[in-house]
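> Would you mind keeping the following structure in view while I ask a few things?
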Amino acid sequence: MASNPGAQSVVRSLNNKAQQAKRQPNPRPRRFTLRGLLLWVLLLLSAGLFLALAALPVGRVASAAISAGVVAAAFVLGRFAPKFWHARTLTVLLLAFVTFRYFFWRLTGTMPPVEDLVNFIPGVTLFAAEALSFVLFLTSLFVIIDPLKREPAEPTGDPAFWPSVDVYIPSYNEDAELLETTLAAAVSIDYPKDKLRVYLLDDGGTDQKINQANPEAAAAASERRATLTALCERLQVTYMTRARNEHAKAGNINHAFAQTGGDLVLILDADHVPTVGILQATVGFFQQDSGLFLVQTPHFFVNPDPVEYNLGTFERMPSENEMFYYSIQPGLDRWNGAFFCGSAAVLRRAALEEVGGFAGDTITEDCETALELHSRGWRSVYLPRPLIAGLQPETFDSFIVQRSRWTQGMIQLFLLKNPLFKRGLTVPQRLCYLSTMLYWFFWFWRPIFLLSPLCYALFGLEIYRINLPDFACFVIPHVFAAAFLSQFLHGRMRWPLFSELYEYLQSFHVSRAALATIIRPRNPVFKVTAKGQSVDEDGFSPLATPFIVVTFLLGLGLAACAWRYAIFPEHRAAIVPVAVWNLLSFVLALGGLAVVYERKRVRRQERFTVDRAAVLAFADGSSLDVTVADVSAGGVGLEVAPQWREHLSRPENPVLTITATETEAATTTGVRIHRLESRGGGLSVGAGFAPRDRQDIVEMARFVFGNSVGWDDFLDRKRERAPTFFGGLFFFLTRVVPRMGQVLLALPGAVARIVTFRAP
């Protein structure tokens, strides 16, 4: 809390008035005016005409001509989209028109007859998967039709009257080294010190854990509490724990919420290191809008996830989360639908008090909390500026644990608090939340899309009645339009085929958690995602079995298609579309196999490339000029002239001073030399941080994570060249095929383990 009682009372008074104003009747009650009614009628008539035109039955040649003409017109209009909003909208509608035509043709011309149950049942299952993904397609188009772009809002007025901020850093099993970095950076946040309080919320050292029956686990919990208490004292941070581990992360935060009183709350995951300017960029929004409950910022990650690491794409293409944080969330923001993502967000205490704190009915307390507050008329803001640096899961199994939790939580919300029936939400907000929740049913449609061609290839089932002319007239235009639309809307944020790859990789294991949640929606338990794990040697993940089996089946399907093409020439018009479908599925399966064959990964902390002048000073008063080549949370890489090797071999710990620039102050800390290596005519020095006091810790956290300008540059470099669909396929193959040699060599051993495990 702020130390100035007068200023604090003024802020409290302003917040109370804002809260009372929020509870007054809405000055714009939700009722139909004549103008509003006419607009709705016009909208419905336009939609009806659009659907009628899309469903209009015409011949194949005419249909192909219409699709080609529409796509060409969309391509031309798309060139004007950056300057004209209507050009963007028309481009999206034209491309959607092609997909609507495909869907109506799919419904009326490809379904097996009802009396043929052997074909009808799998055929309807495939159509249901397509229909569900089609609904997601429509809601997604609505969400991102006109994304909102915001700039930071700095706090204004006398700092004595700025709102006070509590920084919550919930922790469960993270080690002290990781927490020290996050806490030191939080202490360094640029904000009046009498207005800023940092709290470590430790759920790994609760009374329940210290007093548990297992003596070894109890001793570990007690040692953890003592270690983290000492760490917090050293950094001047408040250590806080609780009696029992109830309601997971939401319960941990609510325990702290009841004992603190900041006007705003900044939530940071234990591995989310903030920049110094995170509050300077966000607090101003709350001053501008008394009805605002949330400012959410992106989650920027400094390490590759298992897909990026095993395919070597981390520095070559946008990460998976970038489409959500830089395309979808700005779209949600347009409709006041941007939601809380669990970290890197600032929330208003008055709003949280209105709903009794953070929601805990589901294991996705973040989205649930936002849903409750949006339904009460509170507003949210999304700022697309990376202001924290976090860690992603390093191993495939920890990746699946994280995604299973997200899937379970979103399905819980869909079942228990469905936005379509939630009172208080606007129509756009209902569609925004529905779109977000529907995505997490990908585990249903993705395996069906992938494996459906095997029905014909292996068993001769005709679940999708199609021939080569229809394939050319309806399917190819639809695929081309969908790829073009994805490129148009997300081109810089998501490359072709990688959405499908991520969904495929999650589907088989996530589906078990999803089905269990559908059966018992109140049963899921919050599971913490492990971070900082390593992979000691190359090899298949313990979760690789379904991907090996699927790849084998799809390879067998390709062989069966070739056999059918040779033996049944009269059926070739039907075999070719199936073979193409099977081939694309097989390529995707190869990508999955390349990912679950994990590369050795032992680095504990990710490095940032820098180029800064510095000075190393020794105890005898000597010093030498060095260049800082890279930096991580644990140390620096230095470049030094080779003649200094003997000088650097001394056992003492020198002091490193990184020289100031126009935008950054000088930084000083003790370091420990642990590696000397000749490289390119120079000497490469590996040095770990050896901080002498609290000031050293804080200064290094500020230097490593304080400025996000470099992060923006890094993201822009990855987005420079977004390929077309075929370019994406080429890139996909160039990352997958080179790994196939290693994968094939390891495959017999993996198959042997699978067979042994399956044997009775």
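The values are calculated or read from the model by the stated rules, or taken from the named source; none is laboratory data. What you see is a predicted model; the values in this text were computed from it and never measured. In this analysis, Cβ positions are derived from the backbone assuming ideal geometry, glycine residues included, and neighbour counts consider all displayed protein chains. Please note that ligands, DNA and RNA were not included when accessible areas were found on the heavy atoms of the full protein model with its side chains. Shrake-Rupley method; radii C 1.70, N 1.55, O 1.52, S 1.80 Å.
> Within region 234-253, which residues are modelled with pLDDT of 95 or more and out of contact with any Asp or Glu (no Cβ under 9 Å at 6 or more places or on another chain)?
Answer for region 234-253, where residues must be modelled with pLDDT of 95 or more and out of contact with any Asp or Glu (no Cβ under 9 Å at 6 or more places or on another chain): V237, T238.
> Considering each residue of region 626-682, count those that are of a type in the set (D, E) and under 28 Å from W711 (Cα atoms), and give that number.
Count: 4.
> Next question. Go through region 426-447 and count every residue that is under 17 Å from the mean Cα position of the chain (by Cα) and open to solvent by 50 Å² or more (accessible area, probe 1.4 Å).
Looking only at that region, the number is 1.
> Checking the conditions here, which among L183, L200 is part of a strand (DSSP E or B) and closer than 28 Å to E365 by Cα?
L200
> Right, next: If a residue must be open to solvent by less than 10 Å² (accessible area, probe 1.4 Å) and at positive phi, how many such residues does region 313-349 contain?
The number of residues fulfilling the criteria is 2.
> Which pairs have Cβ atoms under 8 Å, sit 6 or more apart or on different chains, and link a residue in region 87-100 that is free of Cβ contacts under 8 Å to residues at least 40 places away in the same chain and more than 21 Å from L132 (Cβ to Cβ) to one that is open to solvent by 10 Å² or more (accessible area, probe 1.4 Å) and assigned to a helix (DSSP H, G or I)?
Pairs that qualify, where the first residue is free of Cβ contacts under 8 Å to residues at least 40 places away in the same chain and more than 21 Å from L132 (Cβ to Cβ) and the partner is open to solvent by 10 Å² or more (accessible area, probe 1.4 Å) and assigned to a helix (DSSP H, G or I), are A87/L77; A87/G78; L90/L77; L94/V70; L94/V71; L94/A73; L94/L77.
> Which of the residues spanning region 295-335 are touching a Ser or Thr at 6+ places or on another chain (Cβ under 9 Å) and closer than 22 Å to Q280 by Cα?
Selection gives V295, Q296, T297, H299, F300, F301, Y325, D333.
> Right, next: Any idea how many residues of region 148-173 are under 28 Å from L200 (Cβ atoms), assigned to a loop (DSSP other than H, G, I, E, B) and open to solvent by 40 Å² or more (accessible area, probe 1.4 Å)?
Of the residues in that region, 4 qualify.
> Follow-up question, since we're still on this one. Is region 301-315 home to any residue that is out of contact with any Cys (no Cβ under 9 Å at 6 or more places or on another chain), over 30 Å from R599 (Cα atoms) and not polar (S, T, N, Q)?
No: region 301-315 contains no residue that is out of contact with any Cys (no Cβ under 9 Å at 6 or more places or on another chain), over 30 Å from R599 (Cα atoms) and not polar (S, T, N, Q).
> Right, here's the next one. Somewhere in region 304-312, is a residue open to solvent by less than 10 Å² (accessible area, probe 1.4 Å), assigned to a loop (DSSP other than H, G, I, E, B), β-branched (V, I, T) and touching a residue at least 12 places away in the same chain (Cβ under 8 Å)?
For region 304-312, residues open to solvent by less than 10 Å² (accessible area, probe 1.4 Å), assigned to a loop (DSSP other than H, G, I, E, B), β-branched (V, I, T) and touching a residue at least 12 places away in the same chain (Cβ under 8 Å): absent.
> Just one of the numbered conditions (1) closer than 12 Å to F689 by Cβ; (2) modelled with pLDDT of 80 or more; (3) of a type in the set (A, V, I, L, M, F, W, C) is not true of A641; which one?
The number of the failed condition is (1).
> Of all strands (runs of 3 or more DSSP E) completely enclosed by region 324-425, which ones contain at least 3 residues that are under 14 Å from the mean Cα position of the chain (by Cα)?
Counting at least 3 such residues, we get 388-390.
> Can you find a residue that is surrounded by 14 or more Cβ atoms within 10 Å (Cβ to Cβ) and touching a Cys at 6+ places or on another chain (Cβ under 7 Å) anywhere in region 552-574?
No; the residues of region 552-574 include none that is surrounded by 14 or more Cβ atoms within 10 Å (Cβ to Cβ) and touching a Cys at 6+ places or on another chain (Cβ under 7 Å).
> Any idea which residue in region 461-484 is most open to solvent (accessible area, probe 1.4 Å), counting only those that are of a type in the set (F, W, Y) and in a helix (DSSP H, G or I)?
The residue in question is F480.
> Still on this structure, I have one more. Cβ-Cβ below 7 Å, separation at least six or inter-chain, first residue in region 356-370 and within 17 Å of K422 (Cα to Cα) and open to solvent by less than 10 Å² (accessible area, probe 1.4 Å), second in a loop (DSSP other than H, G, I, E, B) and β-branched (V, I, T): which pairs?
Once the first residue is within 17 Å of K422 (Cα to Cα) and open to solvent by less than 10 Å² (accessible area, probe 1.4 Å) and sits in region 356-370, its partners that are in a loop (DSSP other than H, G, I, E, B) and β-branched (V, I, T) give E368/T362.
> Can I ask one more? Determine whether F705 is within 35 Å of the chain's Cα centre (by Cα), surrounded by 14 or more Cβ atoms within 10 Å (Cβ to Cβ) and closer than 27 Å to Q236 by Cα.
So F705 passes the test.
> If you don't mind, there's one more thing I want to ask. Checking R522 against (1) under 27 Å from the mean Cα position of the chain (by Cα); (2) of a type in the set (K, R); (3) in a helix (DSSP H, G or I), which single condition isn't satisfied?
Tallying (1) under 27 Å from the mean Cα position of the chain (by Cα); (2) of a type in the set (K, R); (3) in a helix (DSSP H, G or I), R522 fails exactly one: (3).
> Another question, then. Just to be sure before I move on: is A666 farther than 16 Å from T181 by Cβ, out of contact with any helix residue (DSSP H, G or I) (no Cβ under 7 Å at 6 or more places or on another chain) and open to solvent by less than 10 Å² (accessible area, probe 1.4 Å) in the structure I sent?
no
> Starting from region 464-478, take each residue that is over 17 Å from Y565 (Cβ atoms) and list its partners that are open to solvent by 30 Å² or more (accessible area, probe 1.4 Å) and not in a helix (DSSP H, G or I), counting only C-beta distances under 7 angstrom and pairs at least six apart or across chains.
The qualifying pairs do not exist here.
> A further question on this structure: Can you list the helices (runs of 4 or more DSSP H) lying wholly within region 207-258 that have 2 or more residues being farther than 23 Å from R692 by Cα and open to solvent by 60 Å² or more (accessible area, probe 1.4 Å)?
Output list reads 207-210, 215-235.
> Hey, among E720, E699, which residue is outside any helix (DSSP H, G or I) and closer than 30 Å to Q280 by Cα?
So the residue among E720, E699 that is outside any helix (DSSP H, G or I) and closer than 30 Å to Q280 by Cα is E720.
> Next question, about the same structure. Inspect region 733-751 for any residue being more than 30 Å from P477 (Cβ to Cβ), in contact with a Gly (Cβ under 7 Å, 6 or more places away or on another chain) and either open to solvent by less than 60 Å² (accessible area, probe 1.4 Å) or among the small types (G, A, S) (or both) and give the result as yes or no.
yes
> Give the residue, chosen from L56, L90, that is at pLDDT 70 or above and within 38 Å of the chain's Cα centre (by Cα).
So the residue among L56, L90 that is at pLDDT 70 or above and within 38 Å of the chain's Cα centre (by Cα) is L90.
> Condition (residue is in contact (Cβ under 8 Å) with a residue 60 or more places away in the chain and in a helix (DSSP H, G or I)) applied to region 536-548: is it met by at least one residue?
yes
> Could you tell me whether any residue of region 314-325 is polar (S, T, N, Q) and over 20 Å from D263 (Cα atoms)?
Yes, some residue in region 314-325 is polar (S, T, N, Q) and over 20 Å from D263 (Cα atoms).
> Among the numbered conditions (1) at pLDDT below 95; (2) out of contact with any Pro (no Cβ under 8 Å at 6 or more places or on another chain); (3) at negative phi, tell me where R376 comes up short.
(1)
> Which of the residues spanning region 274-297 are among the polar types (S, T, N, Q), open to solvent by 10 Å² or more (accessible area, probe 1.4 Å) and not in a loop (DSSP other than H, G, I, E, B)?
Of everything in region 274-297, those that are among the polar types (S, T, N, Q), open to solvent by 10 Å² or more (accessible area, probe 1.4 Å) and not in a loop (DSSP other than H, G, I, E, B) turn out to be Q287, Q288.
> Let me ask something else. Assess whether Y191 counts as being of a type in the set (S, T, Y), open to solvent by less than 30 Å² (accessible area, probe 1.4 Å) and in a strand (DSSP E or B).
no
> Suppose the filter is buried (at least 22 other Cβ atoms within 10 Å of the Cβ), in a loop (DSSP other than H, G, I, E, B) and charged (D, E, K, R); does D271 pass it?
Criteria met by D271.
> Something else now. Of the conditions (1) without any contact (Cβ under 8 Å) to a residue 40 or more places away in the chain; (2) closer than 25 Å to F731 by Cβ; (3) not basic (K, R), A566 satisfies every one except a single condition; which number is it?
The one condition A566 does not meet is (2).
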